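Read the structure below first, then the notes.
The values are calculated or read from the model by the stated rules, or taken from the named source; none is laboratory data. Just so it is clear, the structure is predicted and the values come from calculations on it, not from any experiment. Cβ placement follows ideal geometry from the backbone for every residue including glycine, while neighbour counts extend to all protein chains displayed.
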Amino acid sequence: MTDDRTLSTIVQTAGVQKSDTVLEIGPGQGSLTSKLTAKAGQVIAIELDESLAASLPKTLNAGNLEVIQGDVLKFDLSTLPRHYKVVANIPYYLTSNLLRILAESANPPAFMVLLVQKEVAERLCAVPGQMSILAVSVQLYYECRLGQLIPAELFTPPPKVDSQVVILNQRPKPLFENLDSKLFFRLVKAGFSEKRKKLRSSLAGGLGISRQEVDGLLKKAAINGDRRAQELSLREWHRLLRSYQKMTVVSAPYPTNT
């Protein structure tokens, strides 16, 4: 992405100020980086390519820029100050893993403005009826909205698909108190394990329990078993989790004396 107006819009959308520390992922030749260093207090750019990482500080010569050569998926986010922002143009293959790591980190970003493929942006901000594991994973922690649509011809070389800005604002407080996130996502993954099937079937197979047990679980959560995973809202997944937790407690074996 080298279009000057689009790059400026991305930085403006992120509301970057001198008080901000910005994490940029995959800065490449620094088109976006140069805009960020002009506005932010500090920019930390993580670049996987060794040659690009070595040349970027020389190209920009910005005192508030730190370039780290490495894999962002292995980067220690705890080294960043709290309430940092992420502004980046990220490739499709990295999106799911990266957002999961960022959102579930002990030091998650307060705000993210990402340029991703249009299809990915729509998946991230999906509503019940079109939900996915990715949408559930991100929306549990962030409020999501779509930003500017970026046509393919503004990229060099132009990709085959358009891109779109997605804006993720960290929820001011947890959506659900005392959430067992590991169990929550176990349930969600079970529901989406066979997404063409009805919840009754996919949950039974994904959780390894009988359909009768699933019917009881769904009944207690007031969810129709004929629905499919993509139709459920986050609050319905949470109701399902609470019912599942009660069921597992009831079915747990009593301790025996030895």
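Take the residues in the range 151-161 that are touching a residue at least 60 places away in the same chain (Cβ under 8 Å) and assigned to a loop (DSSP other than H, G, I, E, B), then tell me which one is nearest to ILE209 (Cα to Cα). The residue in question is PHE155.
Looking for whichever is under 29 Å from THR95 (Cβ atoms), in contact with a Leu (Cβ under 7 Å, 6 or more places away or on another chain) and part of a strand (DSSP E or B) here; the options are GLN164, GLN148. Which one fits? From the options GLN164, GLN148, the qualifying one is GLN164. Cβ-Cβ distances below 9 Å connect the following pairs, each with a first residue in the range 52-64 that is of a type in the set (Ser, Thr, Tyr) and modelled with pLDDT under 95, a second residue that is surrounded by 15 or more Cβ atoms within 10 Å (Cβ to Cβ) and not in a helix (DSSP H, G or I), and a separation of six or more residues or different chains: THR59/GLY30. When the test is whether a residue is under 20 Å from the mean Cα position of the chain (by Cα), within 28 Å of ASN89 (Cα to Cα), assigned by TED's automatic domain parsing to the domain that holds VAL11 and free of Cβ contacts under 8 Å to residues at least 60 places away in the same chain, GLU143 passes it. Of all the criteria given as (1) of a type in the set (D, E, K, R); (2) more than 16 Å from the chain's Cα centre (by Cα); (3) part of a helix (DSSP H, G or I), the one not satisfied by ARG100 is (2).
Among the candidates SER202, SER233, SER210, the residue that is surrounded by 15 or more Cβ atoms within 10 Å (Cβ to Cβ) and at negative phi is uniquely SER202.
Looking at the range 74-93, which of its residues are of a type outside the set (Gly, Ala, Ser), touching a residue at least 24 places away in the same chain (Cβ under 8 Å) and under 26 Å from ILE150 (Cα atoms)?
Scanning the range 74-93 gives TYR84, LYS85, VAL86, VAL87, ASN89, ILE90, PRO91, TYR92.
Check the range 188-200 and report whether any residue there is within 23 Å of GLU24 (Cα to Cα), of a type outside the set (D, E, K, R) and in contact (Cβ under 8 Å) with a residue 40 or more places away in the chain. Looking for residues that are within 23 Å of GLU24 (Cα to Cα), of a type outside the set (D, E, K, R) and in contact (Cβ under 8 Å) with a residue 40 or more places away in the chain, one finds none in the range 188-200, hence no.
Only residues that are modelled with pLDDT of 60 or more, aliphatic (A, V, I, L, M) and assigned to a loop (DSSP other than H, G, I, E, B) were counted in the range 227-258, giving 1. Of everything in the range 29-57 that is under 16 Å from VAL86 (Cβ atoms) and among the small types (Gly, Ala, Ser), the residue that is surrounded by the most Cβ atoms within 10 Å (Cβ to Cβ) is ALA45.
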